[in-house]
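> Here it is, the structure, as structure tokens.
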């Protein structure tokens, strides 16, 4: 399927690229629509990178000041000797503080998966740096559902290296699998998932990054969040099924909306980007505008 016009226009909307230093790591930042409205801070999921927002951030940037952060160990940001939820929280806070300095306004944080967990923890630790939180396909999870075990057979810092770049790109698949991602979207994200290394090409992810940060994510506090909150989830998500959404709403602030996106699994922003953007816009214009 050829890429439709909306996607081509979004990709053509080049972001302003910069970096920020946080706890001895250089993190990549991309910004669209600077000065156009309320600041939005986008936080990607585990083992993802900024490119996952490349075709949705521009759709929001017509009316909002949109910034995406690349967490350490992923994408073009620095690698660390150790990764913790607390470190990612420091990274998100630093960018939120920068946005406050630049715009004079607190950002609304929009976090997918791991990014949603980081947003929730940041709200508890320092709600002075955000005005609200939109959580995409994340919520309270049982510790036994996830694991931090290293990949089988891998020694520390052992990279998957292939000489053929196209062969590596063709292996890219978002996990967990879902209803499906349009080929033009999958190709864009896959192209940004690899980088040249000695001997060929490898994934743009630190192999020492824990496989899921599961125990830490299971401990995320979604109860008593001290800001306005909304949730968006895939109607076919294996992560946020009906019981998981109910568990989230039980502890979320009263009146918290939860929007199900049809024909989407866990990776809502890849599987149904237009519907997700429409939901975000509706929430910003209603729930977060009161």
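> Which of the strands (runs of 3 or more DSSP E) found entirely inside segment 163-255 contain at least 2 residues meeting this: in contact with a strand residue (DSSP E or B) (Cβ under 6 Å, 6 or more places away or on another chain), within 19 Å of residue 113 (Cα to Cα) and at pLDDT 95 or above?
Correct list: 228-234.
> Taking the conditions exactly as written (at pLDDT 90 or above and either assigned to a loop (DSSP other than H, G, I, E, B) or exposed (fewer than 12 other Cβ atoms within 10 Å of the Cβ) (or both)), does residue 153 satisfy them or not?
No: the conditions fail for residue 153.
The values are calculated or read from the model by the stated rules, or taken from the named source; none is laboratory data. Predicted model only: the values in this text are computed from it and were never measured. Don't worry about glycine lacking a Cβ; one is built from the backbone with ideal geometry, like all the others, and counts go over all protein chains shown.
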